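Data first, discussion second: the structure below is written as structure tokens.
The values are calculated or read from the model by the stated rules, or taken from the named source; none is laboratory data. In this text, all values refer to a predicted model and were calculated from it rather than measured experimentally. For neighbour counting, all protein chains shown are included, and Cβ atoms are generated from backbone atoms with ideal geometry for every residue, glycine included. Heads up: the accessible areas ignore ligands, DNA and RNA and are worked out on the full protein's heavy atoms, side chains in. Shrake-Rupley method; radii C 1.70, N 1.55, O 1.52, S 1.80 Å.
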Amino acid sequence: QVQLVESGGGLVQAGGSLSLSCAASGRTFSSRAMGWFRQAPGKEREFVAAISWSGGLTYYADSVKGRFTISRDNAKNTVHLQMNSLKSEDTAVYYCAADRSTRGSTNLGDYDYWGQGTQVTVSS
């Protein structure tokens, strides 16, 4: 069992930065890949970034590559998403999720635990 709690969302102007955090509980955290997804109003939930259990592999959606950075601290059971150069199209609810595997995936169906989400709003 893994419980996930996101924090760090808020309102920011276009071009600004935000850092999201995900605190995880459960003994299996360090053996799981982790991911961030987002869902804008009226749209499907989409992949943003993922990181393998060790942090050695990372994956990004093309829309955020070069602007967002995912990282993790297994000693603290946390995952972070640093978001820079934010755009209005980044506005969404951001969700942290735990992958069933260690490697990481861009596929929403590979994740079996989800946080409640945190709102990110980018004003233009």
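Could you check how much of the accessible area of segment 22-124 is carbon and sulfur, as a whole percent, using a 1.4 Å probe?
Numbers: 2350 of 5000 Å².
Carbon-and-sulfur percentage of accessible area, whole number: 47.
Between Gln1 and Ser124, what is the spin-label point distance in nm, taking each point 7 Å from the Cα along the Cα→C-beta axis?
Spacing of the two 7 Å Cα→Cβ label points: 4.5 nm.
Mean-square fluctuation check for the chain, GNM, Cα pairs under 10 Å: which of Thr28, Thr106, Thr91 is largest?
Thr28
Quick check: pseudo-label points 7 Å beyond the Cα along Cα→Cβ at Lys76 and Ser25, how many nm apart are they?
Taking the simple label geometry, Lys76 and Ser25 are separated by 1.9 nm.
Apply 1/(1 + (r/R0)^6) to the Cβ-Cβ distance of Asn107 and Ser17, taking R0 = 35 Å, and write down the FRET efficiency to the nearest 0.05. Please report the intermediate quantities before stating the final value.
Numbers: r = 28 Å, r/R0 = 0.80.
After rounding to 0.05, the efficiency reads 0.80.
Which percent, nearest 5, of DSSP beta bridges in the chain are antiparallel? The partial results should precede the final answer.
Values: 37 of 41 bridges.
Antiparallel: roughly 90 percent of the beta bridges in the chain.
Name the residues of segment 22-48 whose amide N is less than 14 Å from a point 7 angstrom out from the Cα of Arg100 along the C-beta direction?
Within reach of a label on Arg100, which here means backbone N under 14 Å from a point 7 Å along Cα→Cβ, segment 22-48 contributes 33.
Sort 10-18, 110-118, 30-38 by the packing proxy (mean of other Cβ within 10 Å over each peptide's residues), most packed first. Write out the running numbers ahead of the final one.
Working: 10-18: 13.7, 110-118: 17.6, 30-38: 22.8.
Put in order of decreasing packing, that is 30-38, 110-118, 10-18.
Using a probe radius of 1.4 Å on heavy atoms only, what accessible surface per residue do you get for the chain? Whole Å² is fine.
Roughly 50 Å² per residue, with all protein chains present.
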